[in-house]
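Single-structure report; data block below.
The values are calculated or read from the model by the stated rules, or taken from the named source; none is laboratory data. Worth saying up front: this structure is predicted, and the values here are computed from it rather than measured. When we count neighbours, we look across all protein chains shown, and the Cβ atoms used for this are built from the backbone with ideal geometry, even at glycine. For accessibility, only protein heavy atoms count, side chains too; no ligands or nucleic acids. Shrake-Rupley method; radii C 1.70, N 1.55, O 1.52, S 1.80 Å.
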Amino acid sequence: MFVRAARPTVSLARSLSTSTQNNAKVAVLGASGGIGQPLSLLLKNSPLVSHLSLFDIAHTPGVAADLSHIETRANVTGHMGPDQLDAALQGCDVVVIPAGVPRKPGMTRDDLFHTNATIVATLADACARNCPEAMICIIANPVNSTIPIASEVMKKYGVYNPNRMFGVTTLDIVRANAFVAELKGLDPARVNIPVIGGHAGKTIIPLISQCTPKVEFPADQLAALTARIQEAGTEVVKAKAGAGSATLSMAYAGARFTFSVLDAMNGKEGVVECGYVRSEETECKYFSTPLLLGKSGIEKNLGLGKLTAFEEQLVAEAMTELKASIKKGEDFVANMK
């Protein structure tokens, strides 16, 4: 039985004694933004990180100076603008990419495509040249397309390793856990729901039948809960009324995933997280499933597990959109000048 990867808050305390190899250089690309700043704060707090390299197109020196005053071991460096991107990435073990524009009311993740596609392609190009063996964790939306984009860019340099390229879908899991715990009166720290598929709308498929501990809902409540998990990002966008999208919860989820990757790199066994990766589990080239992480990235894809008829229908309904998003990302790179 694989143990559940710990949440960041647990990881901070626990990781003090996990390994003598806690010397990771972690880069955050987009470190001055709404996700980047709280994400960088959480990473600065972790003894797993020895060097936190922050990059953005503006304000990074200030963010780095601010974080550097925190009494934890990670050395913080700030890098600003295209001329300093290469320096930010050299020697990195893990690269986390929250860079990009946030959603506003009425926008879909797909509306972000052209701006964020260009940003991700540029950053992936720099990763390929400066830290080709790093674990790449992409938060920038639309993840269903940005992972294919980054993968195709890495292929152009001959350094693509599908076991080290992750679309961070952890926020979907975090939300599913929180919502189910609230409905059932459970401790959310003990709830674990795999979420498979992609990271937008109906491609988000929570496997509530595989929840630990086991929970059950009437069909109408299950459908409503599934829809809420799928559209939770829009819930936040509307609530912020033009002031941004999910930043704090995404920073938490991004940190949780990064800590799991670092734990596994340090030799911790049984670390499992869901992630959107190159996959043979379905007819889609990329698909999110639970992954057993190891020192070199993905050690084993744990697949979809046993699905209910309701969940099988959700998977079937997601395929067309997911395939189109993947093709859109691949075509973007093929047509780049």
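Would a scan of the range 36-43 turn up a residue that is in a loop (DSSP other than H, G, I, E, B), surrounded by fewer than 24 Cβ atoms within 10 Å (Cβ to Cβ) and touching a residue at least 24 places away in the same chain (Cβ under 8 Å)? No, the range 36-43 contains no residue that is in a loop (DSSP other than H, G, I, E, B), surrounded by fewer than 24 Cβ atoms within 10 Å (Cβ to Cβ) and touching a residue at least 24 places away in the same chain (Cβ under 8 Å).
Evaluating Thr146 against the criteria (1) crowded, with 22+ Cβ neighbours inside 10 Å; (2) not in a helix (DSSP H, G or I) leaves one unmet condition, (2). Number of residues in the range 75-100 that are assigned to a helix (DSSP H, G or I) and under 23 Å from the mean Cα position of the chain (by Cα) equals 4. Contact map, the range 204-221: residues that are closer than 14 Å to Ala178 by Cα and hydroxyl-bearing (Ser, Thr, Tyr) paired with residues that are open to solvent by 40 Å² or more (accessible area, probe 1.4 Å) and modelled with pLDDT of 95 or more, Cβ distance under 6 Å, separation 6+ or inter-chain. Pairs shown: Thr212/Asn192. Here the range 149-187 is the region considered, the condition is being basic (Lys, Arg) and surrounded by fewer than 23 Cβ atoms within 10 Å (Cβ to Cβ), and the residue that is nearest to the chain's Cα centre (by Cα) is Arg164. Please go through the range 63-83 and give me each residue that is under 27 Å from Asn141 (Cβ atoms) and exposed (fewer than 15 other Cβ atoms within 10 Å of the Cβ), ordered by number. Matches in the range 63-83: Gly81, Pro82, Asp83. Which of the residues belonging to the range 235-261 are part of a helix (DSSP H, G or I), under 14 Å from Gln37 (Cα atoms) and aliphatic (A, V, I, L, M)? Within the range 235-261, Leu248, Met250, Ala251, Ala253, Ala255 meet the criteria. Residues to consider are Val76, Val26, Val63; find the one that is closer than 25 Å to Gly294 by Cα, among the β-branched types (Val, Ile, Thr), modelled with pLDDT of 85 or more and in contact with a helix residue (DSSP H, G or I) (Cβ under 8 Å, 6 or more places away or on another chain). Matching residue, one of Val76, Val26, Val63: Val26. Comparison of Glu321, Glu273 shows that the only residue that is surrounded by fewer than 21 Cβ atoms within 10 Å (Cβ to Cβ) and either in contact with a Leu (Cβ under 6 Å, 6 or more places away or on another chain) or at pLDDT 95 or above (or both) is Glu321.
Applying the criterion of being open to solvent by 60 Å² or more (accessible area, probe 1.4 Å), among the charged types (D, E, K, R) and outside any helix (DSSP H, G or I) to the residues of the range 101-137, the residue that is farthest from Gln90 (Cα to Cα) is Lys104.
Gly329 passes all but one of (1) touching a helix residue (DSSP H, G or I) at 6+ places or on another chain (Cβ under 8 Å); (2) part of a helix (DSSP H, G or I); (3) open to solvent by 20 Å² or more (accessible area, probe 1.4 Å); which number fails? Of the numbered conditions (1) touching a helix residue (DSSP H, G or I) at 6+ places or on another chain (Cβ under 8 Å); (2) part of a helix (DSSP H, G or I); (3) open to solvent by 20 Å² or more (accessible area, probe 1.4 Å), the odd one out for Gly329 is (3).
Would you check which residues across the range 189-234 are open to solvent by less than 20 Å² (accessible area, probe 1.4 Å) and in a helix (DSSP H, G or I) and list them?
Gly201, Thr203, Ile208, Leu225, Thr226, Ile229, Ala232, Gly233
For the range 280-318, taking the residues that are surrounded by fewer than 21 Cβ atoms within 10 Å (Cβ to Cβ) and hydroxyl-bearing (Ser, Thr, Tyr), the one that is nearest to Ala264 (Cα to Cα) is identified as Ser296. Anything in the range 149-194 that is over 26 Å from Cys127 (Cβ atoms) and of a type in the set (Val, Ile, Thr)? List them, or say none. Val180, Val191, Ile193 - these are the residues of the range 149-194 that are over 26 Å from Cys127 (Cβ atoms) and of a type in the set (Val, Ile, Thr).
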